[in-house]
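The values are calculated or read from the model by the stated rules, or taken from the named source; none is laboratory data. These numbers come from a predicted model, not from an experiment. Cβ: placed from backbone, ideal geometry, glycine included. Neighbour counts: every protein chain shown. Note: areas computed on protein heavy atoms with side chains; ligands, DNA, RNA excluded. Shrake-Rupley method; radii C 1.70, N 1.55, O 1.52, S 1.80 Å.
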Amino acid sequence: MSNASLVNTAVNRLISQSNAVGRLAQDSGGFAAVVAAFESRDANAFRWVLERLEMLPYCEIICEWVRVKLCSLRTAELCSPLIRGEAEVPNLREFARAIAKLTSNEKVLRRVADAVACGDAAHYQAALNELQLGEFCSLISYWVCSVSYLEFCHSICDLTPVTVHDPLLALRLAGEFVAKAAKNEKALDAMGKAVAASDFDNLQSTVATLGFGNDDDCRYFCLFICVWWRVWTCHEFCEVPPRIFTGPDAIDEAQSFALAAHQLAGQPRAMTDLVDSALSRNTGTYREIVRRFRLEPYCWQLCGWVSSSICYGFCIRICPPNQVVPLFTTVGNFNIYTQIDPGSGLTGTSLPPTVSMPWGGGPNYAFYNELQLGGVCPVFSPTSPGTAMQFRLLYASSTTTLPGAINAAQTSITVAAGAATPATPFNVAVCNCSLNGETGETMTVTAVAGSTWTVIRGADGTTAAAASAGTTLLIGLTPITGPLVDTPLQIGQRYISSWPQDLLGIAGPPSLSPTIESVYVGNLSDPAAPTLGSPYIPPAHYLEPDPTTGWVQFDSALISSAISVFLNFDTTKVVIGGCSLTTPPCIDAPGGAPAGSPASNPGAGSDLAIIFQATRQGITTVDYSNSLCKIHINNWSEVNNLWFTQFSTGCCTPIDQELSVQFTVDHEQMAAGGWSLGIGACALPLGLNLTPTASTPGPPPVTVSSRGGYGTIDEDTSLWPNCSYTVGLSTRPGLTTGTYDRPGNPNTLTFAICDHVGTTLTAPISATSSSMSVSSGAGFPATPFNAFLPSTGEIITVNAVSGTTWTVVRGQAGTTAAAAATGATVSAA
C-alpha cells in the first residue's frame, strides 16, 4: 500500500465517519443515548438507537468514532497534570516492556483497568507508580482504553446476540502478544524506525518475522503500534491538555465536536492535508488547519481521530483479515441453521423483544410477507483479488429425498415416491446446509419415470458430487428477481462526485467534496441529479437482479469490503394468501354467519426452500452455495368474526335478559400467537373474559382447537346495570418477517342495556335495613323479584311491595349488604 493509497483510504474513512456521526449528532437525544450505551457497554441499546434512527448500517464507523474520542479524552483526564512534564514519549521497545510488566501483574492490571474505565486519575497513577511505570501514563491509558473497547466495537454491530468479553481478559491476551514481541528488541527498534519514516513495506516485513499465529495476535500487536504512534504524534501536535467535561456538558462537548468534524469533512483538501501532516508529523500544517477551522478545543481528539483512520489502513496492510467466504445465514434476525426449526420450517426460538418484534418472532412462528435475506458476501473474490463478485438467491416450492446414496457419475437417480414435479426439463438442487463454503450441485431432470429420473449432472455451473441417502433435493429452482424484489433494500454505500448540496430541502450547487450515495438491490432506476433551486433529491444507486437469472453484480466502488444483507423477497407473490372464508371479509362483525360457524375454507401455509449462490463476475461456474432447506410461509389473514344473536332484528336492538355472543376464530398459526374474547364497560371495571377453552360447557356448543374456535357464548345480563358495553375479539396469529411481528387485529361490537326497570331511593338505607323507600314501583315484576344497587354492587330480593315501601332481603347472590344514599339507583331484572 503506497502512502498515496493510504492517504486516500484514510480520507475516505474520515469523510464517511464524519457524515455518519454528524447526522447522528443532529438528533441530540439519539446522540446522547448512543454515547451512554457505549460507555455502559450495552450493545443492544447501542444498536437499538441506531436502528430507530435508521442508521444501523453506520454502526461500525460510529462505534469506532466514539471509542477514539472517549479514549483520547480519558487519557487526558488521567494524565493531564503529567502531559506537559513528559519531555518525550518512550520508544516502542520501552513501551512493550511496560505492557509486559503491567499485564503480568493481575492485581495491578485490574486496578489500572478499573481506574481507566471510571476516569479515576489518583488510583490510576498510584497503580502505575507501584510498578514504576509513571512515565508511561498516556501510553498505558490509551492502550488499556483501546483494548478494552476493541472487542466491544468488533461485536456490537453484528446482528446476532452480542456477548461482550471481559475487558481484563482482552488486556491479558493483548499483553501476551506484546510480551512475546518484547523479547525481540532488534525487531521492535526496526519497527519504531519504520513507523517514524512511514515505511510500511519495512514495517510489514518486520512484523512478519515475529510469526504471529492468527489474525487476533496480529490485530492486537498492530493496535499496540498504533497507540504508540498516535500518542507520540498527538503530543507533538497538541500543546495544551483539553478541558475535561462531565455529565450533560460532556455530551454537549462530544456533540459539538461531531458537528465540527462534519463541517471539516466538507473540505476534502483540508482533510487530505490533515492526514498528510499526521503521516509526516508536520506540526505546522496540523496546527494551521486547527486554527483555520477553530478546532483548538478538539486538538487531541481530532488528532486521535485522524491517526485512527491512518492506523485502520496500515493495520489492514500489516494484518490482512481472513478472507470472507460468501454465506447465506439469516432471514431477518433469525439464523437459518440455529434459529429456524429444520423439521417444521417455523422459528425455533424467541429473540429478545424489540419495538418491531414485541413477541420476539417465536417460537413456532411462520414467516410471512416480505423477508430480508442476508448473510455475508465480499465485494471482491476471496480467491481472485480484484475480481468483483456477484450473487443470487433462488427458491423451490417442493422437495424430495434420495432413498439411497448416489455417486458423482450417475445419470439415473432414484428419488422418494410421490414427488411433485413440473414438466421436464426442470432443475433440482442438492440442499447444501454446510457452512464450509462447498457448493450444492444442480441437476437438470430430462425424463421422469415414476421415482426414477434421468438427469444431467453438474448443471448451471455447479460440480457433480456424491450425495448420501436421505439428502434433500430441491425441485424446480426459480430465481428471486423481478417483482419478487420490488421493495429496494440498502446493502451499502459508495462515493460519487458533483451531486448537488442539500440546502434545507432545496438543491444547491454541486458539492466540492465526495457525496455518499446509498446503494440498493431493487428494480428502480437511479434518480437524476436535481437542478439548481429544485426540491432536493438524495442520490441513490440500484443494483437490479438480472430479470432472467437473478444474478446481482456488485459495484466495485462500494465503501465496505462486504455486505451483510442481500435483498427483500416478497413471498406474497409466491405463496398465495388472502382471506380464508368463502365469503369474505375475514375480520368483521358480519351480521350473522359465519360468526359462530366453522371457517369455510381454512387456509394453510406452504414450505419453501431458499438457495444462495455466489461467484466471480464473468465466469459461468458457481464458486459458493448454501441453502435453507425448509421455511414455512403463511400469507393468509386470520378469520375474526363477531356477532350477537340478539342483533338478528338489527344492531340497535337493546340487550335485556341475555347476550349471545357468536364468534369464529381461525388461522393455522393461532396457537403460536393467541386470541381473546371479552366484554368491557365502565360498569365492569375489571372486564369480563369470555375466551373459551376446550372444556367450555354448552349449550350452545363451543368448539376450540389449535386454529382458534367457534360457537356461541351466552351471558345472563338480567342483573347488569343500564350501560353501554363493548365486546372485543382480538386475534394475533404467530407470524413474523424476521424483523417485524404481525400485530393483533381487534374486532369490536357495542351493545347497550337500557330496558331494565329502575327507580331511586327516597331515603338512605344502612347495611342492615330490611325495608327501603323508593320513588316508584311501577313496571317491576310480581314479588318476589331481584333488584340491583349499582352504587354498591349489591343484589337484594324484594319479598313484598306496599306502595313505595319494599320489604327486602339483603346481600343476595354472594354480594355484600352495604349502606346506600338517597337518590341511589335501583334496577330490577
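Using a 1.4 Å probe on the protein heavy atoms only, what accessible surface does Thr804 show? Give it in Å² to the nearest 10.
60 Å²
When only alpha-carbon atoms count, how far does region 362-463 stretch along each of its three principal axes, as whole angstroms with the largest first?
Principal axes ranked by extent give 45, 40, 24 Å for the Cα atoms.
Need one number: the % of Cα-Cα pairs in region 596-687 sitting beyond the 18 Å mark.
69 percent
Please list the non-local residues whose amide H lies under 5 Å from the amide H of Asn601, H modeled 1.01 Å from N, same-chain partners needing a gap of 5 or more.
Distant-sequence amide H within range of Asn601: Thr582.
Would you please classify the overall shape of region 318-367 from the alpha carbon gyration tensor, given that a ≥ b ≥ c denote the square roots of the eigenvalues, rounded means a/c under 1.5, and beyond that prolate means a/b larger than b/c while oblate covers the rest?
oblate
For Lys183, which lysines qualify as cross-link partners when the Cα separation must be under 22 Å and same-chain residues fewer than eight apart are set aside?
Lys101, Lys193
Can you give the longest stretch of the chain with no exposed loop site, where a site means GluC sites (Glu not before Pro) in a DSSP loop (not H, G, I, E or B) with at most 15 other C-beta atoms within 10 Å?
439-829
Put one equal scatterer on each alpha carbon of region 713-806, apply the Debye formula with no solvent term, and list log10 I(q)/I(0) at q = 0.12, 0.17 1/Å to two decimals.
-0.56, -0.84
In whole Å, what is the distance between the alpha-carbon centres of region 654-697 and region 450-497?
Centre-to-centre distance over Cα atoms comes out at 47 Å.
Run the reach check for Lys69 against aspartates and glutamates, Cα to Cα strictly under 16 Å, same-chain hits fewer than 8 apart removed. What comes back?
Correct list for Lys69: Glu39, Glu60, Glu77, Asp249, Asp252, Glu253, Glu296.
Using 0.36 nm per residue of separation minus the Cα-Cα distance, give me the extension gain between Ser205 and Ala818 in nm, one decimal.
211.3 nm
How far apart, in nanometres, would the label points at Thr387 and Ala447 be if each is projected 7 angstrom from Cα along the Cα-to-Cβ direction?
It is 3.7 nm.
Defining a contact as two alpha carbons under 8 Å apart and six or more residues distant in sequence, what relative contact order in percent does the chain show?
10 percent
For Ser72, Ser28, give me the order by solvent-accessible area with a 1.4 Å probe, most accessible first, ignoring ligands, DNA and RNA.
Greatest to least solvent exposure: Ser28, Ser72.
Answer rounded, prolate or oblate for region 219-309, using the Cα gyration tensor with square roots of eigenvalues a ≥ b ≥ c: rounded when a/c is under 1.5, else prolate when a/b is larger than b/c, else oblate.
Oblate, since a/c reaches 1.5 and b/c is not below a/b.
Would you list, by chain and number, the aspartates and glutamates whose Cα falls below 15 Å from the Cα of Lys630, excluding same-chain residues fewer than 8 positions away?
Lys630 reaches Asp341, Asp607.
Out of all Cα-Cα pairs in region 597-755, roughly what percent, to the nearest whole number, are more than 19 Å apart?
63 percent
Mind ranking Thr421, Thr103 by accessible surface for me, highest first, 1.4 Å probe?
Most to least solvent-accessible, the answer reads Thr421, Thr103.
Per residue and in Å³, how big is the convex hull formed by the alpha-carbon atoms of region 768-824?
78 Å³
Ignoring ligands, DNA and RNA, what percent of the accessible area of region 533-692 is carbon or sulfur (1.4 Å)?
Carbon and sulfur: 54 percent of the exposed surface of region 533-692.
Two-decimal Rg/Rh of region 465-537 from alpha-carbon positions, Kirkwood Rh?
Ratio of gyration radius to Kirkwood radius: 1.32.
Could you state the number of Å between the C-alpha centres of region 237-307 and region 548-566?
If you average the Cα positions of each part, the centres end up 35 Å apart.
In deg cm²/dmol, rounded to 500, what helix-only [θ] at 222 nm does the chain give when every DSSP H run of at least 4 residues adds -39500 (n - 2.57) and the total is split over its residues?
-10000 deg cm²/dmol
On full extension of the chain, what length is gained from Ala416 through Glu54, given 0.36 nm per residue of separation minus the C-alpha to C-alpha distance?
Residue separation times 0.36 nm, minus the Cα-Cα distance, leaves 125.6 nm.
Sort out for me the Cα centre separation of region 576-644 from region 335-392, rounded to whole Å.
18 Å
What accessible area per residue, rounded to a whole number of Å², is obtained for the chain using a probe radius of 1.4 Å?
41 Å²
Net charge within 12 Å of Val49 by Cβ-Cβ distance, Lys/Arg positive one each and Asp/Glu negative one each, not counting Val49 itself?
For residues surrounding Val49, the net value is -2.
Tell me, which longest segment in the chain has none of the trypsin sites (Lys or Arg not before Pro) that fall in DSSP loops with at most 12 further Cβ atoms within 10 Å?
295-829
Taking the convex hull of the Cα atoms, report for the chain its projected area averaged over all directions, in nm².
48.5 nm²
When all C-alpha to C-alpha distances in region 478-614 are sorted into bins of 10 Å, what percent of pairs does each bin hold, rounded to whole numbers?
Using 10 Å bins, I get a P(r) of 10, 27, 22, 17, 14, 8, 2 for region 478-614.
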